[in-house]
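Please read the structure below before turning to the comments.
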Amino acid sequence: MNFYQTPPVLKNQFKHDSFLQAYLQRKFPQSQFPEAHADLDRLGQSVVSEYLELSRKAESQPPIHVPYDAWGNRIDEITVSEAWKAFEAISAKEGLVAIGYARELQEHSRVYQFLKLFLFHPSSAMYTCPLAMTDGAARVLEEQPDFKASFDHLTSRDPSSFWTSGQWMTERSGGSDVSGTETVATRTQTSFTLSGVKWFTSATTSQMAMTLAKIEGQDKLSLFYVELRDHSGRLRNIQVNRLKQKLGTHALPTAELTLLGTPAKLVGEEGKGVKTIATLFNITRIYNACSAIALMRRGMALAFEYSKVRMAFGKKLIDHPLHSKTLADLQVRYEACFLLTFYAVELLGKSECKKISPQELATLRLLIPLVKLYTAKEGVAIASEVIEAFGGAGYIEDTGLPQILRDAQVLAIWEGTTNVLSLDAQRAIFKEKSLGGFLASVKDKTKNPQVLASIDTIVAKMTAADETQLNLHARELSFALIRVLGAALLEEHYSSQSSYAPHRFVELGLLSPAFFEHDPNGFQDYINGALT
Ligand SMILES: Cc1cc2nc3c(=O)[nH]c(=O)nc-3n(C[C@H](O)[C@H](O)[C@H](O)COP(=O)(O)OP(=O)(O)OC[C@H]3O[C@@H](n4cnc5c(N)ncnc54)[C@H](O)[C@@H]3O)c2cc1C
């Protein structure tokens, strides 16, 4: 007898998502945006049919580095699958970057664009990684008139002129700590050339990249623009050392590069590279959060469909209360992440259209690192639970499920790790004074006494802590702050604190930071003792 299990079948990911539809009803109603809704409906179907097929093909045909041609000439070609190439044209035609810059829907344009990215991401084999860097570069170059032609390429809807951009920040001497950058920019008569090693460069097939370097004789970093290839398609004094062999993101080419006098142009002022690039990170971190919620949603959709067909102990999984409660808790956590991410997207759209209030601006500043770190961590946790929800099938490669967990893991690392972003959140709080605005936004959305009490606890603990304590507890503070906002957004979404999701989110706990009460220095001896 053949043994078989019924695979879960995905439905239109736009139409068959009642939580998403309820969000749209509140924030992006069909009556106001009929064309966008029709477009999203179409995309919701494409991502479970043709794009899903392409992403499977891209995932199964990773990029290859060809260092030399048959005659011994160094060529450093990176060949990618036809499916990966197809995503470039698809991204242009779908306007996945362009929509955010055409601003036809004014401040709602970013919501529309990110809804598309949200649907697209799990069926893109991580093509959203180059798109994130492209969008980030476009945002920086939009404000630099000298780079108008490149900006037009990055925001084009025409596949023949659309460009993607890389972003080369990480060097062997540091990724989180870019001050360790060793790449040197040498002045030429008209511009600069760059020399150094870039240790992680994703999307190496892109037409351009943004990168940091120190101008000879200077300590501070400057931002540079590089076009990778000359008119004949040859790399411009760039050597590809190798492609990384990665846990996930298999279709995405990530290379180690050596720059050997690569022509480059300065972007912005000399020595102001870190400040100029901050604009780019705001965008890529929101993409990161969007990718995390997209993976959560895809995993949840699959697990839910599976629970309706898989039998255990004489009934469907969904009919086992413990299984369905497990899924319900995941859905609550996912919904909080979704609302947090799209709150950031809404505020981004408002800021770009100059329709943002000072309170909202402060909220956005602190929200960006927090939403990135929180959704990334929840993404990994939820992906892991999704795999378990399939039992043994979840661990089997050709179900496609392990890829969700692998690809979720990178979201906690690139664009800033959890610790590094927690420290950025502290900068936002103490140097840029964003906490008042952030907490005011939380209070505008909640009446829940537990959430309000948590805010008081957070503020009291922060006020009583010294700098060392704050640094030590940067993670706990980040998680507590983002969770109170998550609770408030759920309450706002459901128009009630006692509806299931907002109530359960608070019940799941951790709205206050767990500072050391007993032995603040004990962890040093404890960890040294445990590891030696
Ligand atoms: C698949 C993949 C693709 C990538 N693509 C790109 C790319 O295209 N371009 C690019 O520029 N980079 C890219 N990266 C690199 C990535 O951005 C960095 O790996 C990341 O920023 C972390 O830097 P690092 O590796 O130097 O880690 P480190 O900075 O060495 O960090 C190691 C650990 O130390 C912790 N840590 C560091 N500083 C502190 C501190 N002050 N306090 C407390 N804890 C701290 C971190 O949280 C982390 O856990 C990619 C990485 C991956 C995995």
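Side notes on the structure shown:
- Counted by neighbouring Cβ atoms within 10 Å, the residues Met126, Met300 run from fewest to most as Met300, Met126.
- Relative to its Kirkwood radius, the Cα radius of gyration of the chain gives an Rg/Rh of 0.97.
- 10 Å beta-carbon shell around Gly273, net charge (K/R +1, D/E -1): +2
- In terms of other Cβ atoms within 10 Å, Arg285, Arg157 run from fewest to most in the order Arg157, Arg285.
- Whole-Å distance, taken between Cα centres, linking the range 316-355 and the range 76-144: 22 Å
- Rg/Rh, computed from the Cα trace of the range 1-143 with Rh as the Kirkwood radius, has the value 1.09.
- If you wrap the tightest convex hull around every Cα atom of the range 379-491 and split its volume per residue, you get 127 Å³.
- Listed residue (Thr418, Gln30, Val48) projecting farthest to the positive dipole end of the chain, Cβ model: Gln30
- Sparse packing (at most 15 other Cβ atoms within 10 Å of the Cβ) combined with a DSSP loop state is found for the following GluC sites (Glu not before Pro) in the range 491-522: Glu517.
- Anisotropy class of the range 169-276 from Cα gyration tensor, a/c 1.5 cut: oblate
- Burial ordering of Arg56, Arg297, fewest other beta-carbon atoms within 10 Å first: Arg56, Arg297
- Spatial extent of the range 298-439: Rg and Dmax, with the Cα atoms as the point set, Å: 18.7, 60
- 5 angstrom amide H check on Val267, placed H, neighbours 5+ away: Leu223, Phe224, Tyr225
- Mean residue ellipticity (222 nm) of the chain, computed from DSSP H runs ≥ 4 via -39,500 (n - 2.57), nearest 500: -17000 deg cm²/dmol
- At most 16 other Cβ within 10 Å, DSSP loop - trypsin sites (Lys or Arg not before Pro), the range 330-438: Lys354, Lys355, Lys431, Lys433
- Most simply put, the range 134-257 has about 75% antiparallel DSSP beta bridges, counting only bridges with both residues inside it.
- Among beta bridges identified by DSSP and lying wholly in the chain, the antiparallel ones come to about 85 percent.
- 3J(HN,Hα) couplings calculated from phi for the range 149-161 with the Karplus curve 6.51 cos²θ - 1.76 cosθ + 1.60 (θ = phi - 60°) are, in sequence order, 4, 5, 4, 4, 5, 5, 10, 7, 9, 9, x, 6, 10 Hz; Gly and Pro show x.
- Backbone HN-Hα couplings from phi across the range 170-175 [Karplus 6.51/-1.76/1.60, Hz, Gly and Pro as x]: 6, 10, 4, 7, x, x
- Each Lys or Arg adds one and each Asp or Glu subtracts one; over the other residues with Cβ under 14 Å from the Cβ of Gln25, this totals +1.
- For the range 139-235, applying the loop criterion from DSSP together with a ceiling of 12 other beta carbons within 10 Å to the GluC sites (Glu not before Pro) yields Glu143, Glu216.
Computed from the coordinates by the stated procedures, all read-outs in this text should not be read as laboratory data. On a predicted model such as this, the values are computed, not experimentally measured, just so you know. In this analysis, Cβ positions are derived from the backbone assuming ideal geometry, glycine residues included, and neighbour counts consider all displayed protein chains.
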